[in-house]
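S.K.: One structure, as structure tokens, below. Some questions next.
The values are calculated or read from the model by the stated rules, or taken from the named source; none is laboratory data. It should be emphasised that the depicted structure is a prediction, and the values quoted were computed from it without experimental measurement. Positions of Cβ are generated from backbone atoms using ideal geometry, with glycine treated the same way; all protein chains shown enter the neighbour counts.
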Amino acid sequence: MKSAVETLNPTRVRLTVEVPFEELKDSLDAAYKKINQQVTVKGFRKGKIPARVIDQRFGRGAVLEEAVNDALPKFYTEAVNEAEVNPLGQPEVDITELKDGELLAFTAEVDIRPTIEIPDYSGIEVTVDAVEVTDEDVEKSVEQLRERFASTSPVERAAQDGDVVTIDLEAKVDGEVLPDGVASDVSYTIGSGELLDGIDEAVKGLEAGGEATFTSQLKGGSAEGKDAEVTVKVTTVAARELPELDDEFAQMASEFDTLDELKADSRKRLENMKQFDQATQAQERVLDELLKLVEVPMPEKLLEDEINTRKHNLEHHQLGQMGLDLAKYLEIQGKTEEEFLAETKEQAEKGIKTQFILDELVNKEKLDVSREELTEHLFRRAASSGMSPDQFAQAVAQGGQVPMLVGEVARGKALAVVVEAAKVVDTNGEVVDLSDDEDEVVEAAAEAVEAVTGEAEVSEDK
């Protein structure tokens, strides 16, 4: 076999391959064997039909087509290896010559991973929010805990803010009751804002047995977005009673003996949460700065496929689960289709560029993924997917996605290296140290990368 490579642009090549006919022998033998198992010729046992009879009855062309289809992947792979290119996706193959007994010639055009130069990134500087927990933050956290331990008791008076009412609802549009517009025994806390606009004003002042009618724009269901005439009937009114904020409450609601200890723990937890948010912010901003430093040619076919994948997943998975189509989603978002496609393209480009750069950093820094790191990442991904670790691991293995998970961890490690080299300061001018727990930093970095890359998973096919 002879092959040559022609660079069409920084992200695409054309391979030209010539195969002497004798190198097709194994594929021709396999073609005759396959056809033998598929056809019947009177006078011959199945699988024992001579090659000359197959040629006469079914045509030599059918055999050649089967042999070429069998041989092409092998010779394409050999040509890729000889050219030392990293193909992305499937090639566009064109058979340019097929002479029986003499020669097979074909060309294969394919996107390739571009060559990327990683410049010095040690000068990256970013600013992140300072970790500040106020007394007000602590009080709010404790108050939320207090709300969870609230009790209710029926009252014989008009409903007011903070009360829990049990209500029946009926929604009409154009005078007709909607098929999904009736609900009974709905529990609602007045002032929570969890139901329809206008419901608080309608039920306040009503006693058990009272009803009111109001107009509200529906937030979901068969008539989403339309104005409906809603009738609400109150069946019960209950007052919420909050426990006293004292040491007894602390003992009931936590493992602490005093309210002061509970508040100190709340402050510590809030600090940890804000530190995690700060680290995520640092990783995202360092990544943005890194992307600005590196020029990355964009493979057009790969970009087109990624845009289509993102659009498909949004329409058929996310929106489908919400009962929306793309047109309705864009209406809610206040976007045109052109704006949506432009945003999707920008996100796809950023995701692909991020993968290219971090993959190059993985090679440059010689970063490996240990079994422990992969296992930890698998556990986190399983938790976020709602599956058990065993179920998730089985699904990953069956889907051949282990290399994808390895890539996610490796890119997280690459980003962590860049973050470690960068200067990160908070809004108070204090230097932020993100190196306390290396495993947590890598996992957080992997999450930051996943948030950018989304559906993108740039695969190399040979």
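S.K.: Take the conditions at positive phi, assigned by TED's automatic domain parsing to the domain that holds residue 194, out of contact with any strand residue (DSSP E or B) (no Cβ under 6 Å at 6 or more places or on another chain) and part of a loop (DSSP other than H, G, I, E, B) and apply them to residue 221. Does it pass?
M.R.: no
S.K.: Using beta carbons and a limit of 7 Å, which pairs, at least six apart or on different chains, have the first residue in the stretch 256-282 and among the β-branched types (Val, Ile, Thr) and the second one surrounded by 14 or more Cβ atoms within 10 Å (Cβ to Cβ)?
M.R.: The qualifying pairs are 258/247; 258/250; 280/444; 280/448.
S.K.: Consider the stretch 44-103. How many of its residues are of a type in the set (A, V, I, L, M, F, W, C) and without any contact (Cβ under 8 Å) to a residue 60 or more places away in the chain?
M.R.: 16
S.K.: Examine the stretch 329-342 for a residue that is on the phi < 0 side of the Ramachandran plot, surrounded by 14 or more Cβ atoms within 10 Å (Cβ to Cβ) and in contact (Cβ under 8 Å) with a residue 24 or more places away in the chain, and state whether such a residue exists.
M.R.: No, there is no match, as no residue in the stretch 329-342 is on the phi < 0 side of the Ramachandran plot, surrounded by 14 or more Cβ atoms within 10 Å (Cβ to Cβ) and in contact (Cβ under 8 Å) with a residue 24 or more places away in the chain.
S.K.: Right, another one. Here are some residues: 203, 186, 177. Which one is surrounded by 11 or more Cβ atoms within 10 Å (Cβ to Cβ) and more than 30 Å from residue 329 (Cβ to Cβ)?
M.R.: 203
S.K.: Further, regarding this structure: Could we say that residue 378 is touching a residue at least 24 places away in the same chain (Cβ under 8 Å), part of a helix (DSSP H, G or I) and not polar (S, T, N, Q) here?
M.R.: yes
S.K.: So residue 250 fits all but one of (1) closer than 30 Å to residue 125 by Cβ; (2) over 32 Å from the mean Cα position of the chain (by Cα); what number is the exception?
M.R.: Of (1) closer than 30 Å to residue 125 by Cβ; (2) over 32 Å from the mean Cα position of the chain (by Cα), only one is false for residue 250: (1).
S.K.: Let me ask something else. With respect to residue 183, is the statement that it is assigned to a strand (DSSP E or B), of a type in the set (Gly, Ala, Ser), within 24 Å of residue 239 (Cα to Cα) and at pLDDT 95 or above true?
M.R.: Answer is no for this residue.
S.K.: Could you tell me whether residue 194 is surrounded by fewer than 13 Cβ atoms within 10 Å (Cβ to Cβ), more than 30 Å from residue 328 (Cβ to Cβ) and at pLDDT below 95?
M.R.: So residue 194 fails the test.
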